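The block underneath contains the structure these notes are about, expressed in structure tokens.
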Amino acid sequence: MAADLMLIGKFKYESAENVDEYLCGLGVGLVLRKVQSVARPVIEISFSQETNEWTVVSESVFKTKQIVFAPMQKFKDRTFDSRKCKTVAEIADNGKRMTWEQICAEGPDVKTIITVTETGLNLVMQSGQYSCQQTYSRQV
């Protein structure tokens, strides 16, 4: 698979580290943190050459979120806990890394970094001193 296409695909949740601590640090309530702790999302990433836009869909039994963006163009978005934000995303490392920064009207800003690995994806979310990581395997 060409390097610039490595982000494209469907990825199944495998494991996570520090999610509850991260969400607690963001001020997310107990119920939403517990829902997130049992969610096992599938992430699907695609690219349209016609529009030069990327689409990222995260789907679980609890929630589906889709973002569509052109790299380096700000767009309206919402954080995991539904706070309004402006987001800017970029593709880096020859298509092996996707980063988006959510600048929030209220509460802390969030940075998400998705990096391609040999077997799937690592997803890291950061906000201030808090961070968590999720690991996904590539589905065939």
*Residue list for segment 1-41, filter: farther than 18 Å from VAL124 by Cβ and β-branched (Val, Ile, Thr)*: ILE8, VAL31, VAL35, VAL38
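Condition check ((1) surrounded by fewer than 17 Cβ atoms within 10 Å (Cβ to Cβ); (2) more than 19 Å from LEU5 (Cβ to Cβ)) across all residues:
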site: VAL31; (1), (2): yes, yes
site: LYS34; (1), (2): yes, yes
site: PRO41; (1), (2): no, yes
site: TRP54; (1), (2): no, no
site: ILE91; (1), (2): no, no
site: THR119; (1), (2): yes, no
site: SER127; (1), (2): no, yes
*asked:* Under 6 Å between Cβ atoms, which residue pairs at least 6 apart in sequence (or on different chains) link something in segment 101-126 that is among the acidic types (Asp, Glu) with a partner that is surrounded by 15 or more Cβ atoms within 10 Å (Cβ to Cβ) and at pLDDT below 95?
replied: GLU106/ARG83
*Assess whether SER82 counts as being loosely packed, with under 13 Cβ neighbours inside 10 Å, within 20 Å of TYR130 (Cα to Cα), in contact (Cβ under 8 Å) with a residue 40 or more places away in the chain and not β-branched (Val, Ile, Thr).*
no
*Taking GLN134 and the conditions (1) at pLDDT 95 or above; (2) out of contact with any helix residue (DSSP H, G or I) (no Cβ under 8 Å at 6 or more places or on another chain), which numbered condition does it fall short on, given that it satisfies the others?*
(2)
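On the given criteria, is LYS65 loosely packed, with under 13 Cβ neighbours inside 10 Å and under 23 Å from ASP109 (Cα atoms)? Outline the logic, then answer.
Details: loosely packed, with under 13 Cβ neighbours inside 10 Å: no; under 23 Å from ASP109 (Cα atoms): yes.
Here the answer is no, as LYS65 does not meet what is asked.
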*If you go through segment 129-140 one residue at a time, how many are closer than 22 Å to LYS10 by Cβ and surrounded by fewer than 19 Cβ atoms within 10 Å (Cβ to Cβ)?*
6
*Within segment 70-84, count every residue that is touching an Asp or Glu at 6+ places or on another chain (Cβ under 9 Å) and farther than 21 Å from SER46 by Cα.*
2
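The values are calculated or read from the model by the stated rules, or taken from the named source; none is laboratory data. Keep in mind the model is a prediction, meaning the values are calculated, not measured. Reconstructed Cβ throughout: ideal geometry from the backbone, glycine too, with neighbour counts over all protein chains shown.
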